[in-house]
Amino acid sequence: MKKNVLLSIIVPIYNVEKYIGSLVNSLVKQTNKNFEVIFIDDGSTDESMQILKEIMAGSEQEFSLKLLQQVNQGLSSARNIGILNATGEYIFFLDSDDEIEINFVETILTSCYKYSQPDTLIFDYSSIDEFGNALDSNYGHGSIYRQKDLCTSEQILTALSKDEIPTTAWSFVTKRSVIEKHDLLFSVGKKFEDNNFTPKVFYFSKNIVVISLRLYRYRKRSGSIMSNHPEKFFSDDAIFVTYDLLDFYDQYKIRELGAVVGKIVMTTLASFPDSKKLYNELNPIRKKVFKDYISIEKRHTKRIKMYVFSSYVGYKLYRLVKGKHWK
């Protein structure tokens, strides 16, 4: 009788021939094989898929493997395809240029048993360069990883609003039932798709396990989309996902969500400090969630001052205070 799969790892692939080998090796070496991997070829035009198939053919396949294909529709669409084809009790989104530690699956599943199947688990990460060498990183790594082990959604949303944990979809593992019950999917064709997905997952997760270990290896590389395109390439998408999250906040009206919306507004404006279009579109949102953001950030004087300082130049100053920590 076939063993039930506990974890589905969803991996969209698009032109990552330089890194796909490292990613696959990190999966093959897992100390616990009770997982499935769903690779979604998002219309790659390089040798990514050939390399993947060669590695898998030459290794002992001890975990379940699915290989899906679609014409290029972007990361969000590929992740959604993975969700629809997942059979595991839990789902994890792994970026194809990154890696996981060899004890990732074992640690996740052990924690699931220890805490009686929590809704979601979060974990810390480390940064690596294009060659796999360790790098310093200062985004995330908040004190919550060291002080807590079981949290409520409100506690995690608070940490998210303070940049103590990443907003990225690879920063957590969640029950498939959480996603399916609440019809959570990524916004297709939009950049910043994690900004309006991750907070929703955290909101609907009533018990969240915090793992202090750095289980994910996030690769910082040159030539990323963010570094190769001007602001106008992103502004409409940034506005869309922010308003989508604002609609979600308007539906549930809890201050922790409002603080997350405020944080995303500030981070987006700090990413593009010269964009008056973004400022004009997002400033009304900043004002709307003002009280929620301030109530959460009351101990962070510098960030509050930048949030209160509503002039256009204020966001340029905020960028200097906060720094750049995005991919």
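The values are calculated or read from the model by the stated rules, or taken from the named source; none is laboratory data. Being a predicted model, the structure only gives us computed values, none of them experimental. Cβ atoms come from the backbone with ideal geometry, glycine included; neighbour counts cover every protein chain shown. Heavy atoms of the whole protein, side chains included, go into the accessibility calculation; ligands, DNA and RNA do not. Shrake-Rupley method; radii C 1.70, N 1.55, O 1.52, S 1.80 Å.
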| task | Could you tell me whether the range 107-228 comes out rounded, prolate or oblate from its Cα gyration tensor? Rule is a ≥ b ≥ c as square roots of the eigenvalues, rounded for a/c under 1.5, then prolate if a/b exceeds b/c, otherwise oblate. | result | oblate
| task | Take the Cα radius of gyration of the range 27-92 and divide it by 2.2 N^0.38 Å, with N its residue count; two decimals is plenty. | result | 1.16
| message | Please compare each pair in 33/220; 191/277; 33/66; 66/181 to a cut-off of 19 Å on the Cα-Cα distance and tell me which ones are over it. | response | 33/220; 66/181
| task | Calculate, for the chain, the solvent-accessible area per residue in square angstrom, rolling a 1.4 angstrom probe over the heavy atoms of the protein chains. | result | 44
| Tell me, Kirkwood radius of the range 1-160 from alpha-carbon pair distances, in Å? | 17.0
| task | Tally up the carbon and sulfur contribution to the accessible surface of the chain as a whole percent, 1.4 Å probe, everything protein left in place. | result | 50
| query | Does the range 102-171 classify as rounded, prolate or oblate by the C-alpha gyration tensor (a ≥ b ≥ c root eigenvalues; a/c under 1.5 gives rounded; else a/b over b/c gives prolate, otherwise oblate)? | reply | oblate
| note | Quick calc, the range 125-171, dipole around Cα centre from Cβ unit charges on Lys, Arg (+) and Asp, Glu (-), nearest 20 debye, gives 200
| Mean residue ellipticity (222 nm) of the chain, computed from DSSP H runs ≥ 4 via -39,500 (n - 2.57), nearest 500 | -13000 deg cm²/dmol
| field | Counting all C-alpha pairs of the range 16-58, share separated by more than 13 Å (%) | value | 56
| task | Can you tell me the relative contact order of the range 107-243? Whole percent, Cα pairs under 8 Å, sequence separation 6 or more. | result | 38
| task | Be a star and scan the range 116-153 for residues whose amide nitrogen sits under 20 Å from the point 7 Å along the Cα-to-Cβ vector of residue 212. | result | 116, 121-127, 137-152
| request: Please say if the chain is rounded, prolate or oblate, where rounded means a/c under 1.5 for a ≥ b ≥ c the square roots of the C-alpha gyration tensor eigenvalues, and otherwise the choice is prolate for a/b larger than b/c and oblate otherwise? | output: prolate
| note | Among 282, 74, 210, the residue whose Cα sits farthest towards the positive end of the charge dipole of the chain (+1 at Cβ of Lys and Arg, -1 at Cβ of Asp and Glu, taken about the Cα centre) is 282
| What is the antiparallel percent of DSSP beta bridges lying wholly in the chain, to the nearest 5? | 30
| What FRET efficiency would be calculated for the residue pair residue 116, residue 280, taking the C-beta separation as r and a Förster radius of 51 Å, to the nearest 0.05? | 0.60
